[in-house]
Amino acid sequence: MKPLQIGDKIVRVPIIQGGMGVGVSRSELAGAVAREGGIGVISTAQIGYDEEEFEKNPSIANIKAIRKHIFLAKKKAMGGLVGANIMVALKDYADHVKAAVEAGADVIISGAGIPAKLPEYVRGSNTKIAPIVSSPKAIKVILQCWEKRYRCTADFVVVEGPKAGGHLGFSEEELHNIQKIDYDNTIREIIRIVRQFAVRFAKKIPVVVAGGIFDAGDVRHAIGLGADGVQVASRFVATQECDASLAYKEAYIHGTSDEIEIIKSPVGMPGRALHNHFLEEIHKGKIPVKKCYGCMRQCNKNEIPYCITDALTKAVQGDVENGLIFCGAEIGRIKEVTTVHELMEELKMGFE
């Protein structure tokens with residue numbers, strides 16, 4: 001097993017725990033993964049939902065929580081690497097990145113949009129940056145943009161396939177027909193493009209594959225395609241250390257592939273979620289938004305089908321029937337709650 005080298009940072013176990021919001025991956029989960037030698041990732045999306053200031057001033061609560069959870073995760077990590085997943089679609093995107101950098105985040109991983117200004121926000125720090133992409137076109141646009149504007153490139157790249165959870169860079173039609181997508185060739189093409197920029201900048205740019213990585217066999221397959229590491233998210237939900245409620249974890253354990261639905265998020269991107277009462281209500285029509293928490297940059301509360309902050313917060317706190325439960329395509333294979341240590345040991349077998 002080769003360590004993952006990201007600039008001057010060494011990741012002993014080339015496994016990144018995917019960022020999951022709201023509140024699913026905070027300091028407990030990220031710190032535990034980092035201590036095992038991987039990169040533990042905190043999602044900053046409404047991370048401060050349980051801070052006392054949140055109802056009156058979500059922006060302040062989130063910045064406070066970013067600093068707090070990165071500090072707690074790094075303390076738990078015992079020298080391991082801790083990062084933040086920050087969605088470009090967030091209204092306070094720049095503030096979240098800057099707060100994470102100031103708090104000592106080792107890496108920033110950014111998706112749900114084009115992170116055109118990310119290099120600017122981390123300038124002067126040793127925080128490494130990675131875009132999340134799903135197509136050769138996306139990685140080319142981002143890296144050309146960074147080269148032209150900032151004369152820099154990515155420190156690593158996360159390639160997210162159609163089996164991932166959360167907000168996805170695919171059309172609804174593609175997600176309904178993922179068996180027809182030859183994504184292996186897409187991964188190879190993205191790696192080829194990244195290597196061109198690596199040569200141009202005379203640096204190593206590791207490529208990490210995400211989306212549907214469930215077991216050691218999936219890890220082995222990704223490495224066989226030329227990847228330097230993997231990112232895993234859904235499987236970390238069913239761990240003792242995951243920051244979500246027990247009811248949320250049990251929803252993952254009991255959820256089946258037949259219960260997965262492709263929904264449209266207020267962010268404007270499709271996502272994969274577990275069927276429940278909340279989704280039934282969405283199918284009937286819009287759920288009135290009583291309050292706007294100012295999470296997304298382009299969001300009109302009079303037009304969106306539901307409030308994603310309210311939906312995700314309810315779910316993570318345990319109201320799994322009336323909340324939104326994002327998930328990956330392989331959720332039906334999750335049968336029990338394990339520990340981060342046991343899961344990491346299992347996944348590491350794929351590198352041998």
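The values are calculated or read from the model by the stated rules, or taken from the named source; none is laboratory data. Nothing here was measured: the structure is a model prediction, and the numbers come from that model. All Cβ positions, even for glycine, are placed from backbone atoms using ideal geometry, and neighbour counts span all protein chains on display. Calculation scope for accessible area: heavy atoms of the full protein, side chains included, ligands and nucleic acids excluded. Shrake-Rupley method; radii C 1.70, N 1.55, O 1.52, S 1.80 Å.
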_Tell me whether region 281-297 contains one or more residues that are of a type outside the set (Ser, Thr, Tyr), in contact (Cβ under 8 Å) with a residue 12 or more places away in the chain and closer than 18 Å to GLY19 by Cα._
yes
*Listed residues GLY104, GLY40, GLY83, GLY111; which is modelled with pLDDT under 95 and either touching a strand residue (DSSP E or B) at 6+ places or on another chain (Cβ under 6 Å) or of a type outside the set (Asp, Glu) (or both)?*
GLY111
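Yes or no, residue by residue, for (1) open to solvent by 60 Å² or more (accessible area, probe 1.4 Å); (2) out of contact with any Lys or Arg (no Cβ under 9 Å at 6 or more places or on another chain):
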| position | (1), (2) |
| --- | --- |
| ILE263 | no, no |
| LYS286 | yes, yes |
| CYS307 | no, no |
| ALA311 | no, yes |
| ILE325 | no, yes |
| GLY332 | no, yes |
| VAL340 | no, no |
*Which residues, taken from region 78-93, are within 14 Å of ALA105 (Cα to Cα) and either among the charged types (D, E, K, R) or open to solvent by less than 10 Å² (accessible area, probe 1.4 Å) (or both)?*
VAL82, GLY83, ALA84, ILE86
*asked:* Can you report the number of residues in region 232-259 which are closer than 16 Å to MET20 by Cβ and in contact with a helix residue (DSSP H, G or I) (Cβ under 7 Å, 6 or more places away or on another chain)?
replied: 16
_Any residue at all in region 154-171 that's more than 22 Å from GLY18 (Cβ to Cβ) and either surrounded by 14 or more Cβ atoms within 10 Å (Cβ to Cβ) or touching a residue at least 24 places away in the same chain (Cβ under 8 Å) (or both)?_
no
*Going through region 109-118 one residue at a time, which ones are in contact with a helix residue (DSSP H, G or I) (Cβ under 6 Å, 6 or more places away or on another chain) and open to solvent by less than 10 Å² (accessible area, probe 1.4 Å)?*
SER110
*asked:* So ILE16 ticks every box in (1) in contact with a helix residue (DSSP H, G or I) (Cβ under 9 Å, 6 or more places away or on another chain); (2) of a type in the set (A, V, I, L, M); (3) open to solvent by 20 Å² or more (accessible area, probe 1.4 Å) but one. Which box is left unticked?
replied: (3)
_Only listed residue being under 19 Å from the mean Cα position of the chain (by Cα) and closer than 24 Å to ILE86 by Cβ, chosen from LEU312, LEU274_ = LEU312
*(1) closer than 30 Å to ILE60 by Cα; (2) open to solvent by 50 Å² or more (accessible area, probe 1.4 Å); (3) among the hydroxyl-bearing types (Ser, Thr, Tyr): which one isn't true of THR127, the others all being true?*
(2)
*region 265-295, residues that are more than 18 Å from LYS314 (Cα to Cα) and outside any loop (DSSP other than H, G, I, E, B)*: PRO270, HIS283, LYS284
*Within the bounds of region 125-144, is there any residue that is farther than 18 Å from PHE197 by Cα and at pLDDT below 95?*
no
*Selection count where residues are surrounded by 14 or more Cβ atoms within 10 Å (Cβ to Cβ) and in contact (Cβ under 8 Å) with a residue 40 or more places away in the chain, scope region 174-183*: 2
_1 or more residues of a type in the set (Ser, Thr, Tyr): qualifying strands (runs of 3 or more DSSP E) within region 82-162_ = 107-110
*What is the one condition in (1) in a helix (DSSP H, G or I); (2) among the acidic types (Asp, Glu); (3) under 20 Å from SER43 (Cα atoms); (4) modelled with pLDDT of 95 or more that ASP310 does not satisfy?*
(4)
*Quick one: count up the residues across region 313-323 that are open to solvent by 20 Å² or more (accessible area, probe 1.4 Å), in a helix (DSSP H, G or I) and over 22 Å from GLY285 (Cα atoms).*
1
*Among the residues of region 29-76, count how many are open to solvent by less than 10 Å² (accessible area, probe 1.4 Å), under 15 Å from TYR293 (Cβ atoms), touching a helix residue (DSSP H, G or I) at 6+ places or on another chain (Cβ under 8 Å) and in a helix (DSSP H, G or I).*
1
